[in-house]
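Student: So that we are looking at the same thing, I have put the structure below in C-alpha cells.
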Amino acid sequence: MKPPGQHPASRLLLIPVAAAVLLFALPLLGLLVRAPWQQFAAQLCSPPVLDALWLSLQCAIAAAALSCVLGLPLAVWLAQGATWSRSCVRILVTLPMVLPPVVGGVALLLAYGRRGIAGGALAGWLGITLPFTTAGVVLAETYVAMPFFVLTAEAGLRSFDRRYALAAATLGAGPWRTFWQVTVPMVAPSLQAGLVVACARALGEFGATITFAGNLAGRTRTVPLAVYVALETEPEGAIVLSLLLVVLSAVMLLVLRHRWWPGR
C-alpha cells in the first residue's frame, strides 16, 4: 500500500498549492528583479527615506503601545462573557478591519477634524489639533491596528485556564494582583503576538493616514506614503522603499515564528 502522501489525489493538490505559492512569490520576485541594486544603498540612505523610515517606526511603535493601553482592558471585558452589549462592541472594534482604510480616514476626519464632532472641542478647549500632524498619524494607525491586538488578546484570555486565577484567589491574592501576576504572564504570548501584528499593521497603513494626516514630508509622510510619492516621480526609489517595507514586515513575522513552528 502506498503511503497517503503518495496517493495520486494528494499529488493533484500540488497544482493549486503551486499556484497559490506563485501568487505570493511572483510579486516579491518582481521587486527583487527590478530593484536598482547598484543604487540601493544610496537610495536607502537618502535623507527623505531616512526621515520617512524614522517617522514610520516612531508612529508604528506608538500606535502599538496605544493599542495595548486601550485594547487590553477592552479585551479583558470582551473575554468575560457573551452578552448583546459585548457583541455590539466587538462588531464596532472589528469594523476597521473590514472597512476600506480611506473610509476610516474620512470617518476620523469627521470625528477629530477641526469641524468634527470631537475635533472642534479638542481645538477650542485644549488647543489640540490632530489632522495633518504626527499625532494624527498615530491616531490613524491606532484606529486600524488596535482591532488586531484586541482580537488576539481576547483569544488568549478566552483560552486561559481560570483555575489558576481561582487558586491564586484562594491563597489570598486580590483581583488586581491575580491579573498581573497570574493571568498576564500566562497569556503573554498572545499579548506579544497582538503587539507585533498591530505594529506591523500600523507600519503598513496608507489610506487612513493620507486621508486624515495628509502627506507632509518630515511630518506625516511615512514609508507607505513615500512609496506612493516616489512611484509617480522616481519608480526606482519606490522599489527600494517597497523592499524596505518587505524586510521590516518579514522581520516582524519572524518574531512570531514560534506560533507557526512549534519548538523553534
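Student: Need at least 2 residues that are under 20 Å from Leu55 (Cβ atoms), at pLDDT 90 or above and touching a helix residue (DSSP H, G or I) at 6+ places or on another chain (Cβ under 6 Å) per element, so show me which helices (runs of 4 or more DSSP H) inside segment 124-216 make the cut, counting only ones lying wholly within it.
Tutor: The qualifying helices (runs of 4 or more DSSP H) are 134-158, 188-203, 207-212.
Student: Might you check whether a residue that is closer than 20 Å to Cys68 by Cα, under 18 Å from the mean Cα position of the chain (by Cα) and not small (Gly, Ala, Ser) occurs anywhere in segment 167-190?
Tutor: Looking through segment 167-190, at least one residue is closer than 20 Å to Cys68 by Cα, under 18 Å from the mean Cα position of the chain (by Cα) and not small (Gly, Ala, Ser).
Student: Let me ask something else. Do we find that Glu234 is over 30 Å from Arg114 (Cα atoms) and of a type in the set (D, E, K, R) in this structure? Can you show your working first?
Tutor: Numbers: over 30 Å from Arg114 (Cα atoms): yes; of a type in the set (D, E, K, R): yes.
Answer is yes for this residue.
Student: Looking at (1) assigned to a helix (DSSP H, G or I); (2) of a type outside the set (A, V, I, L, M); (3) within 20 Å of Ser190 (Cα to Cα), which one does Pro96 not meet, given that it meets all the others?
Tutor: Going through (1) assigned to a helix (DSSP H, G or I); (2) of a type outside the set (A, V, I, L, M); (3) within 20 Å of Ser190 (Cα to Cα) one by one, Pro96 breaks only (3).
Student: Quick test for you: out of Val102, Val33, Val17, Val98, pick the one residue that is of a type in the set (A, V, I, L, M) and surrounded by 14 or more Cβ atoms within 10 Å (Cβ to Cβ).
Tutor: Val102
Student: Looking at Pro73, is it loosely packed, with under 14 Cβ neighbours inside 10 Å and of a type outside the set (Gly, Ala, Ser)?
Tutor: yes
Student: Considering each residue of segment 34-55, count those that are within 15 Å of Leu243 (Cα to Cα), in contact with a helix residue (DSSP H, G or I) (Cβ under 9 Å, 6 or more places away or on another chain) and not in a loop (DSSP other than H, G, I, E, B), and give that number.
Tutor: Looking only at that region, the number is 9.
Student: Please name all residue pairs, on different chains or six or more residues apart, with Cβ atoms under 8 Å, provided the first residue is in segment 130-148 and is touching a residue at least 60 places away in the same chain (Cβ under 8 Å) and the second residue is among the polar types (S, T, N, Q) and not in a helix (DSSP H, G or I).
Tutor: Here the result reads Phe132/Thr220; Thr133/Thr220; Thr134/Thr220; Gly136/Thr220; Val137/Thr220; Val137/Thr222, each pair linking segment 130-148 to a residue that is among the polar types (S, T, N, Q) and not in a helix (DSSP H, G or I).
Student: While we're on this one: Somewhere in segment 226-236, is a residue among the aromatic types (Phe, Trp, Tyr) and either part of a helix (DSSP H, G or I) or surrounded by 14 or more Cβ atoms within 10 Å (Cβ to Cβ) (or both)? Don't jump to the end; show me each part of the working.
Tutor: Initial filter on segment 226-236 (among the aromatic types (Phe, Trp, Tyr)): 228.
Subsequent filtering for residues that are either part of a helix (DSSP H, G or I) or surrounded by 14 or more Cβ atoms within 10 Å (Cβ to Cβ) (or both) retains 228.
The answer is yes; a qualifying residue exists.
Student: Keeping to segment 83-94, report how many residues are surrounded by fewer than 14 Cβ atoms within 10 Å (Cβ to Cβ) and either touching a helix residue (DSSP H, G or I) at 6+ places or on another chain (Cβ under 9 Å) or polar (S, T, N, Q) (or both).
Tutor: Going residue by residue through segment 83-94, those that are surrounded by fewer than 14 Cβ atoms within 10 Å (Cβ to Cβ) are 83-85, 87-88, 91-92.
Subset that is either touching a helix residue (DSSP H, G or I) at 6+ places or on another chain (Cβ under 9 Å) or polar (S, T, N, Q) (or both): 83, 85, 87.
Residues meeting the conditions: 3.
The values are calculated or read from the model by the stated rules, or taken from the named source; none is laboratory data. What you see is a predicted model, and the numbers here were worked out from it, not measured in a lab. Cβ: placed from backbone, ideal geometry, glycine included. Neighbour counts: every protein chain shown.
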